[in-house]
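Encoded as structure tokens, the structure appears first; notes follow it.
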Amino acid sequence: MSDYYEILGVSRQATTDEIRRAYKKKARKLHPDVAGPGHEDEFKAVNAAYEVLADSDKRQMYDLGGEDAVTGGFGAGGFSASDLGGFGDFLQQAFFGGGAASRGPASRARRGQDSLVALEVDLVDVAFGATKTLPIDTYVTCETCGGSCCAEGTRPVTCSECNGQGSIQRMQRSFLGNVVTSSPCPRCQGFGTVIASPCRECDGEGRKRVHTTIDVNVPAGVSAGTRIRMSGRGEAGPAGGPNGDLYVEIHETRDEALSRTGDDLYTELRVPMTAAALGASFPLSTLDGERTVSVKPGTQSGDEVVLSGLGVGRLRRSGRGDLHVQIVVETPTKLDDRQRQLLTELAALRGEDGHSPAKDESLFGKLKGKSRRR
């Protein structure tokens with residue numbers, strides 16, 4: 001097995017510049033134009049040694065597994081991860097530990113989780129918008145250690161097993177030659193440091209769970225099921241990591257008098273039969289206070305009166321929807337003698353008593369009248 005360092009005449013601690021200078025000196029001396037015939041193999045060996053030692057990745061492979069680790073049976077020219085595409089990345093990570101070495105120790109700080117909470121709002125809140133105070137249980141950064149996870153006056157110490165690398169590398173033989181596997185350090189779990197004196201307030205997590213409140217701005221026009229995103233207001237991350245996001249899902253409570261469809265509101269106004277016939281004005285409670293609804297003479301049950309601009313505010317737009325008032329004409333069910341007499345007289349005058357053939361306007365009556373005239 002060739003010793004590339006010996007071929008170039010440098011030590012294993014040589015810098016890249018020292019290796020380059022040694023190669024130039026050897027290459028000039030052994031070049032066929034200078035040395036003449038008989039030195040071709042030596043010249044090729046110098047070039048092969050320089051190709052490996054001048055490349056930091058190949059040099060690391062060579063230092064860990066020798067010449068076999070670099071050539072791997074693929075020829076004297078060796079190979080790199082880029083030569084093999086995805087398979088080269090696999091070999092670099094699984095056999096030579098290159099991925100773990102390049103990443104270094106993992107960070108303890110991680111982003112906190114996103115949270116989802118429900119908020120009950122009523123029709124007034126969604127019509128005009130509101131600021132609601134919402135109680136939540138969440139994680140916040142520990143005030144005692146400030147997210148460092150350490151007791152006051154202490155700090156994380158370098159792991160003695162992996163020397164702060166966060167990973168352990170082991171060499172073993174395989175069909176590819178000497179290969180190196182890398183795995184997270186079992187003592188520090190890949191962090192490279194150990195919390196020797198954890199904070200007592202948060203048990204070394206850098207955060208703690210609390211019950212608190214948060215103000216939520218509910219925009220006008222929001223609908224049930226809508227989720228409002230509050231960036232950075234979710235759970236605090238471990239070890240001082242950034243907060244996640246908080247999502248507030250709107251639950252709209254049902255109103256007894258008003259129903260909603262989009263930006264419009266709907267309600268009923270019950271009016272007496274006589275008022276529907278003669279016309280009248282009635283007070284109506286709305287989200288904006290009491291308003292007057294005018295019922296025109298001859299109004300039928302099911303007719304609608306629209307009060308513009310008294311509906312729900314439009315989401316991310318100006319203006320409001322309308323309030324639709326459906327008229328329900330009530331027929332009296334309890335009449336005294338005088339009321340019954342008056343209604344009977346009115347029915348007779350209008351030909352609506354059901355006894356006057358002269359006022360019979362039905363199709364049957366009209367046909368009957370024609371037959372008599374014949």
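Cβ-Cβ distance below 6 Å, separation of 6 or more or different chains: which pairs start in the stretch 41-63 with a residue that is assigned by the TED database to the domain that holds GLN13 and end on one that is open to solvent by 50 Å² or more (accessible area, probe 1.4 Å) and modelled with pLDDT under 85?
Close Cβ pairs (under 6 Å, with a partner that is open to solvent by 50 Å² or more (accessible area, probe 1.4 Å) and modelled with pLDDT under 85) amount to ALA48/ALA76.
Counting just the residues of the stretch 323-357 that are open to solvent by 100 Å² or more (accessible area, probe 1.4 Å) and acidic (Asp, Glu), which one comes out modelled with the highest pLDDT?
This residue is ASP337.
I need the full set of residues from the stretch 126-175 which are farther than 30 Å from ILE250 by Cβ and aliphatic (A, V, I, L, M), in order please.
Kept after step one, since they are farther than 30 Å from ILE250 by Cβ, are these residues of the stretch 126-175: 142-175.
Once the filter is applied, which keeps residues that are farther than 30 Å from ILE250 by Cβ and aliphatic (A, V, I, L, M), the stretch 126-175 yields ALA151, VAL157, ILE168, MET171.
What residue, among those in the stretch 134-164 that are within 25 Å of SER183 (Cα to Cα) and of a type in the set (Ser, Thr, Tyr), is surrounded by the most Cβ atoms within 10 Å (Cβ to Cβ)?
The selected residue is THR158.
Would you tally the residues in the stretch 286-306 being open to solvent by less than 30 Å² (accessible area, probe 1.4 Å), more than 16 Å from LEU265 (Cα to Cα) and part of a strand (DSSP E or B)?
1
Restricting attention to the stretch 252-267, does a residue exist that is aromatic (Phe, Trp, Tyr) and either modelled with pLDDT of 95 or more or in a strand (DSSP E or B) (or both)?
Within the stretch 252-267, the first condition is being aromatic (Phe, Trp, Tyr), and the residues that meet it are 266.
Add one more test, that the residue is either modelled with pLDDT of 95 or more or in a strand (DSSP E or B) (or both), and what stays is 266.
Checked the stretch 252-267: at least one residue is aromatic (Phe, Trp, Tyr) and either modelled with pLDDT of 95 or more or in a strand (DSSP E or B) (or both).
So which of GLU51, GLU42 is at pLDDT 85 or above, out of contact with any Leu (no Cβ under 7 Å at 6 or more places or on another chain) and open to solvent by 30 Å² or more (accessible area, probe 1.4 Å)? Explain how you work it out, then say what you get.
On the way: GLU42 fails: out of contact with any Leu (no Cβ under 7 Å at 6 or more places or on another chain).
None of the other options fit; the residue is GLU51.
Identify all residues within the stretch 217-233 that are over 19 Å from LEU310 (Cα atoms) and not in a strand (DSSP E or B); write none if there are none.
ALA224, GLY225, THR226, SER231, GLY232, ARG233
Among the residues in the stretch 234-250, are any open to solvent by less than 60 Å² (accessible area, probe 1.4 Å) and free of Cβ contacts under 8 Å to residues at least 60 places away in the same chain?
No: the stretch 234-250 contains no residue that is open to solvent by less than 60 Å² (accessible area, probe 1.4 Å) and free of Cβ contacts under 8 Å to residues at least 60 places away in the same chain.
Given the structure, is PRO283 part of a strand (DSSP E or B), outside the structural domain of ARG229 (by the TED database) and surrounded by fewer than 14 Cβ atoms within 10 Å (Cβ to Cβ)? Lay out the reasoning, then the answer.
Working: part of a strand (DSSP E or B): yes; outside the structural domain of ARG229 (by the TED database): yes; surrounded by fewer than 14 Cβ atoms within 10 Å (Cβ to Cβ): yes.
Criteria met by PRO283.
Going through the stretch 195-233 one residue at a time, which ones are in contact with a Phe, Trp or Tyr (Cβ under 8 Å, 6 or more places away or on another chain) and open to solvent by 60 Å² or more (accessible area, probe 1.4 Å)?
ARG209, ARG227, ARG229
For (1) modelled with pLDDT of 95 or more; (2) not assigned by the TED database to the domain that holds THR158, each residue gets a yes or a no:
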position: THR181; (1), (2): no, no
position: CYS185; (1), (2): no, no
position: GLY190; (1), (2): no, no
position: ARG207; (1), (2): yes, no
position: ASP215; (1), (2): yes, no
position: SER223; (1), (2): no, no
position: GLU235; (1), (2): yes, no
position: ASP245; (1), (2): yes, no
position: MET273; (1), (2): no, yes
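Taking ASP360 as the residue in question, decide whether it is surrounded by 10 or more Cβ atoms within 10 Å (Cβ to Cβ) and modelled with pLDDT under 90.
So ASP360 fits the description; yes.
The values are calculated or read from the model by the stated rules, or taken from the named source; none is laboratory data. For clarity, every value in this text was computed on a predicted model and none was experimentally measured. No Cβ is skipped: glycine too gets one built from the backbone with ideal geometry, and neighbour counts run over all protein chains shown. Quick note on the areas: whole protein, heavy atoms, side chains included, nothing else; ligands and nucleic acids left out. Shrake-Rupley method; radii C 1.70, N 1.55, O 1.52, S 1.80 Å.
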